[in-house]
Amino acid sequence: MEDNKLSHYETKNHRKEQAYVRAKKRVKELKGFYWHAFWYVVVNIFIITMVAINSNNNDFWHFGTFTTAFFWGIGLGFHALSIFGKNTLFSKHWEERKIKEYMDKEERNR
């Protein structure tokens, strides 16, 4: 009986430790994404400002001015998908909320 209590305690402790490791990894991933987003904004503001300062109005509004922001933005988007998951927009919670919404709407129309 004493061994069973010890085993239960060790298992509970192990689960807590695993949860801590997963949470720490998640925070590190989020921090990496937020730094990526921060530098995306800073660098692109700098580049676009420099182009605006050093060109006349006709030269500013072309694709070349925004290529860094565009292509880096694609990369940032993929980074966001890897962090927040592809089901962020259409998550299980969203599905359940929509089902309830349609059921309520149908009930009101009866």
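The values are calculated or read from the model by the stated rules, or taken from the named source; none is laboratory data. These figures come from a predicted structure and were not determined experimentally. Please note: Cβ atoms are built from the backbone with ideal geometry, for glycine as well, and neighbour counts cover all protein chains shown. Side chains included, ligands, DNA and RNA excluded: accessible areas come from the protein's heavy atoms. Shrake-Rupley method; radii C 1.70, N 1.55, O 1.52, S 1.80 Å.
Overview of results
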{"read-out": "Residue-averaged 222 nm ellipticity for the chain, from DSSP H runs of 4+ at -39500 (n - 2.57), nearest 500", "value": "-31000 deg cm²/dmol"}
{"read-out": "Of the chymotrypsin sites (Phe, Trp or Tyr not before Pro) in the range 1-76, those whose Cβ has at most 11 other Cβ within 10 Å and which sit in DSSP loop", "value": "Trp61"}
{"read-out": "Extreme residue, positive dipole direction of the range 19-105, given options Trp35, Ala69, Met103 (C-beta unit charges)", "value": "Met103"}
{"read-out": "Ratio of Rg to Rh over the chain (Cα coordinates, Kirkwood Rh, two decimals)", "value": "1.29"}
{"read-out": "Lysine pairs meeting the criterion (Cα under 27 Å, 8 or more apart or interchain), as found in the chain", "value": "21"}
{"read-out": "Area of Arg15 that stays accessible when all protein chains are in place (1.4 Å probe, Å², to 10)", "value": "140"}
{"read-out": "Cα centre as origin, Lys/Arg/Asp/Glu Cβ charges: the range 51-100 dipole, Debye", "value": "420"}
{"read-out": "Alpha carbon centroid spacing (whole Å) that separates the range 16-43 from the range 50-64", "value": "35"}
{"read-out": "Residue-normalised accessible area of the chain, given per residue in Å² at a 1.4 Å probe", "value": "90"}
{"read-out": "Three-way shape label, the range 59-110, alpha-carbon gyration tensor, a/c 1.5", "value": "oblate"}
{"read-out": "Protein accessible area in the chain, 1.4 Å probe - carbon and sulfur %", "value": "63"}
{"read-out": "Accessible-area order (highest first, 1.4 angstrom probe) of the listed residues Ser91, Ser7, Ser82", "value": "Ser82, Ser7, Ser91"}
{"read-out": "Gaussian network model of the chain, Cα within-10 Å springs - most flexible of Ala19, Ala69, Ala80", "value": "Ala19"}
